[in-house]
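For reference, the structure is listed below as structure tokens.
The values are calculated or read from the model by the stated rules, or taken from the named source; none is laboratory data. Note that the structure is predicted; figures quoted are calculated from it, not measured. When we count neighbours, we look across all protein chains shown, and the Cβ atoms used for this are built from the backbone with ideal geometry, even at glycine.
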Amino acid sequence: MMVGNVPTEYVDDVEDVKNWCNETYDKEFGGYFGTLRKLYQRMQSSTVPITDEELQEILIDAPLYLFSVSEKISAFRIQLELVKLKIKSKQRDDKSADVFEDTLYVRVNEIVLDRVEREISFSRELIMGAKKIWDSRRRTDAVNPIGEVVPTDPELPDWSPKSSTRGKTYIT
């Protein structure tokens, strides 16, 4: 019998491994990507446009998060490589050594790293999208400046709608 795509006898094991993956991800990397996911949701809002402050957070903080994640990934990979070497050593010393749990540990952590790699790709795309929005807003501001337009010709007199135009000539 099957539960979803999983044979009944493995359902508990599969759930345990899923929980283990999620806990490891949350503990090691979740804090870096949680904020970016929230900002992504803000970018997707069709009712309230993302603010310039939120765009700045993406453009400034996200690359710093990614740098920290890279450092963490390196440490994580070193740990996994050490476990892999220990597994090989165990198997070489004792051909019948039971390395199932060790191998499972390595595989689960590789799955977590795969997830982190996808999150990094997502974050890069988010940064590029935020940059496009930011640039688009800056171009619009340059074309349609907000605020009072200051005349460039100092010869023109100030206009006052309450005063008479008599004696004031704008076109000569």
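Of everything in the stretch 103-139 that's touching a residue at least 12 places away in the same chain (Cβ under 8 Å) and over 23 Å from residue 22 (Cα atoms), which residue is nearest to the chain's Cα centre (by Cα)?
Here the residue is 127.
Give the residues of the stretch 48-70 that are part of a loop (DSSP other than H, G, I, E, B) and either under 11 Å from the mean Cα position of the chain (by Cα) or surrounded by 10 or more Cβ atoms within 10 Å (Cβ to Cβ) (or both), sorted by residue number.
Hits for the stretch 48-70 are 49, 50, 51.
Give the residue, chosen from 89, 45, that is small (Gly, Ala, Ser) and surrounded by fewer than 10 Cβ atoms within 10 Å (Cβ to Cβ).
Answer to the selection: 45.
Residue check: is residue 142 loosely packed, with under 13 Cβ neighbours inside 10 Å and either modelled with pLDDT of 90 or more or not in a helix (DSSP H, G or I) (or both)?
No, not satisfied.
Assess whether residue 152 counts as being assigned to a helix (DSSP H, G or I) and modelled with pLDDT under 95.
For residue 152, the condition - assigned to a helix (DSSP H, G or I) and modelled with pLDDT under 95 - is not met.
Quick check on the stretch 61-72. Is at least one of its residues aromatic (Phe, Trp, Tyr) and either in contact with a strand residue (DSSP E or B) (Cβ under 6 Å, 6 or more places away or on another chain) or touching a residue at least 24 places away in the same chain (Cβ under 8 Å) (or both)?
Scanning the stretch 61-72, I find at least one residue that is aromatic (Phe, Trp, Tyr) and either in contact with a strand residue (DSSP E or B) (Cβ under 6 Å, 6 or more places away or on another chain) or touching a residue at least 24 places away in the same chain (Cβ under 8 Å) (or both), so the answer is yes.
Do you know which residues across the stretch 92-134 are surrounded by 16 or more Cβ atoms within 10 Å (Cβ to Cβ) and of a type in the set (S, T, N, Q)?
109, 123 - these are the residues of the stretch 92-134 that are surrounded by 16 or more Cβ atoms within 10 Å (Cβ to Cβ) and of a type in the set (S, T, N, Q).
So residue 38 ticks every box in (1) surrounded by 10 or more Cβ atoms within 10 Å (Cβ to Cβ); (2) more than 30 Å from residue 137 (Cβ to Cβ) but one. Which box is left unticked?
For residue 38, the exception is condition (2).
Any residue in the stretch 26-45 that is in a helix (DSSP H, G or I) and farther than 22 Å from residue 121 by Cα?
No.
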